[in-house]
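Novice: Sending over a structure as structure tokens; questions will come in a sec.
The values are calculated or read from the model by the stated rules, or taken from the named source; none is laboratory data. For clarity, every value in this text was computed on a predicted model and none was experimentally measured. Ideal geometry is used to build each Cβ from the backbone, glycine not excepted, and the neighbour counts take in all protein chains shown.
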Amino acid sequence: MNSARLLPGLLGIILTASLLAEEPREGTLASNIQLPLILNGKSVGSITLKAGAKVSIIHVRPNGVLIARGTNAPFTVAREALTAESLVIPTPSATPLLSSDLSTPKPIALTEQISATPPHQISEQSSGISPEAVNQTFGLPLFSKNNLWEENDSVVAFRLGLPMETRTSYESGYGYEPDGRKKVLGAENFSIYLRGFHEKTAKISLLFANKGDILHYGTPEEIKKLRAIIEKTGVLPESYSAQMVQKYQAAIRNDQQMISDKLTKLFGSGRPVRNFKTSWMSEEGMRWNWQGTSFFLFAPRNEYLTLRIEPEAAVNDLESERKAFASAKDAIASRVQQRPNGDVIIADIPMVDQGRKGYCVPATIERVLRYYNIDADMNMLAMGGHTEAGGGTSFENIFPVIDDLARNAGGHLTQQQFTGKISDIKLAIDRGKPVIWGLFSSRKFNEMMAESNAKRKDVTDWDAWNKELTQIRKTPIALPQEGSHCCMIIGYNQTTHEIALSDSWGPEFQERWMTEEEATAVKQGGMATIGW
């Protein structure tokens, strides 16, 4: 029998450069607090913890306190909910770098491995390095006195100041993009991302100089001009400044050497490794091991510089991906939801926000692959798909890459034509298979979508809604053939003749609805699904 559990939430957070997790200590509630109860991913009510109840305080921050009670997952409350003596805040050792507003708890739940050479012995130098020394070198509170890979993912995300990006029944993700203003290991950092599995930390990825963030290296005039082109066409033109290209490529080389030197000084000599996904996605780099943790530094030529931090034991399981894909196959049928209004929707698809990058194709494909527990991030996919600097990827280039990744895990890619009709996608959706789709996502189209979806959220009379859509259909739709884009199709409603899509633009774009006529007006041609 499944039991209800408390839903963990990340509320207020302030990141300091070298603050370790405080030792958990007892605190007392000053007022009643109400917490949601979650059963099988759905809210089933709430419970009230009364004033005077004892709780275990994990972190104290100026705008939020992360606490735990009994065996429940950690949750966050406002400072005012605890007694004054419970709120002793450790003096930070550096100026706060990031703060975020309080946010409400969101719904929860990858095996993330990469193939690499067998582990080498931990050097005598690295075995005695303390977590404090590692954190000081990185400039991040990565490690506490506890085993990172046994820590609750929300606790680690709270410590790092990472807001939640996605949470499904099988994984969670937290991350932010500091836009190169923040330094990690002395280098400009463009994103920090943490992935969790079964509420445990599974992987941390740090992205440094990369072709997707090429605009960071332009002048204000160049950036303004190029953003206007991107907004209209959806891709960065090939006429971007040669100086911008030279700057990001030089930053990859220089930062790779600097980070490698720092890690070698900290842990001792690393070992050369190769991460081979497909013939299009192969990385060569260095690996350092420290107390059950592996650090992988990769810098494919003129692509990106990344540091991935993973549990050593998981990395060494070379069959992990096939096992994970097999597990996903058994679960996807249960992810199809049928709503009372006739909506048929695939739930539990992770969100990946492409952020500033024109990476709609790689980001969408990463979402689909993660749905099937296949490991590949959008930067690797951009390399495999020959994505232009800043963005712009063709299906012709990237579909063979997806097919290879799927076959390595035990599946394959199927391509079909899409006319804009529900009949084209119904079988895939009914089987729990999200559809990769290319379309023209113009400003006018998105304005229409925003207006109709705002109305749809408030619909209670679905017969009346269907009649309204029927009336709208009498007027032919003309939409600009501009703004090439990639997204997923995740659902349909046969009564209202609507199709649900999901964009890689953040949680608010997880589910949007369009009519068949709108889909026909903006379609670019084919679609693809992963099967077996």
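Novice: Could you please let me know if VAL522 is over 26 Å from ARG335 (Cα atoms), β-branched (Val, Ile, Thr) and either buried (at least 20 other Cβ atoms within 10 Å of the Cβ) or not assigned by TED's automatic domain parsing to the domain that holds LYS357 (or both)?
Specialist: yes
Novice: Identify all residues within region 195-215 that are closer than 16 Å to PRO163 by Cα, buried (at least 24 other Cβ atoms within 10 Å of the Cβ) and not small (Gly, Ala, Ser); write none if there are none.
Specialist: Once the filter is applied, which keeps residues that are closer than 16 Å to PRO163 by Cα, buried (at least 24 other Cβ atoms within 10 Å of the Cβ) and not small (Gly, Ala, Ser), region 195-215 yields ARG195, THR201, LYS203, ILE204.
Novice: Which of the helices (runs of 4 or more DSSP H) found entirely inside region 387-458 contain at least 3 residues meeting this: among the basic types (Lys, Arg)?
Specialist: Result: 443-457.
Novice: Inside region 274-296, can you point out the residues that are at pLDDT 95 or above and in contact with a strand residue (DSSP E or B) (Cβ under 7 Å, 6 or more places away or on another chain)?
Specialist: Once the filter is applied, which keeps residues that are at pLDDT 95 or above and in contact with a strand residue (DSSP E or B) (Cβ under 7 Å, 6 or more places away or on another chain), region 274-296 yields GLY285, MET286, ARG287, TRP288, THR293, SER294, PHE295, PHE296.
Novice: Could you tell me whether LEU413 is over 24 Å from the mean Cα position of the chain (by Cα), among the hydrophobic types (A, V, I, L, M, F, W, C), surrounded by fewer than 22 Cβ atoms within 10 Å (Cβ to Cβ) and under 17 Å from ILE489 (Cα atoms)?
Specialist: On the way: over 24 Å from the mean Cα position of the chain (by Cα): no; among the hydrophobic types (A, V, I, L, M, F, W, C): yes; surrounded by fewer than 22 Cβ atoms within 10 Å (Cβ to Cβ): yes; under 17 Å from ILE489 (Cα atoms): yes.
Against the criterion (over 24 Å from the mean Cα position of the chain (by Cα), among the hydrophobic types (A, V, I, L, M, F, W, C), surrounded by fewer than 22 Cβ atoms within 10 Å (Cβ to Cβ) and under 17 Å from ILE489 (Cα atoms)), LEU413 does not qualify.
Novice: Let me ask another. When you scan region 98-120, do you find a residue that is modelled with pLDDT of 90 or more, out of contact with any Asp or Glu (no Cβ under 8 Å at 6 or more places or on another chain), of a type in the set (A, V, I, L, M) and not in a loop (DSSP other than H, G, I, E, B), even just one?
Specialist: There is no residue in region 98-120 that is modelled with pLDDT of 90 or more, out of contact with any Asp or Glu (no Cβ under 8 Å at 6 or more places or on another chain), of a type in the set (A, V, I, L, M) and not in a loop (DSSP other than H, G, I, E, B).
Novice: Can I ask one more? Which numbered condition in (1) β-branched (Val, Ile, Thr); (2) modelled with pLDDT of 95 or more; (3) in contact with a helix residue (DSSP H, G or I) (Cβ under 8 Å, 6 or more places away or on another chain); (4) assigned to a helix (DSSP H, G or I) is the only one that THR306 fails?
Specialist: So the condition that THR306 fails would be (4).
Novice: Out of all the residues in region 152-161, is one or more in a loop (DSSP other than H, G, I, E, B) and under 19 Å from the mean Cα position of the chain (by Cα)?
Specialist: yes
Novice: Hey, does region 288-300 have a residue that's over 23 Å from SER130 (Cα atoms) and not aliphatic (A, V, I, L, M)?
Specialist: First pass over region 288-300, keeping only residues over 23 Å from SER130 (Cα atoms): 298-300.
Next, from what is left, pick out any that are not aliphatic (A, V, I, L, M): 298, 300.
Yes, because at least one residue in region 288-300 is over 23 Å from SER130 (Cα atoms) and not aliphatic (A, V, I, L, M).
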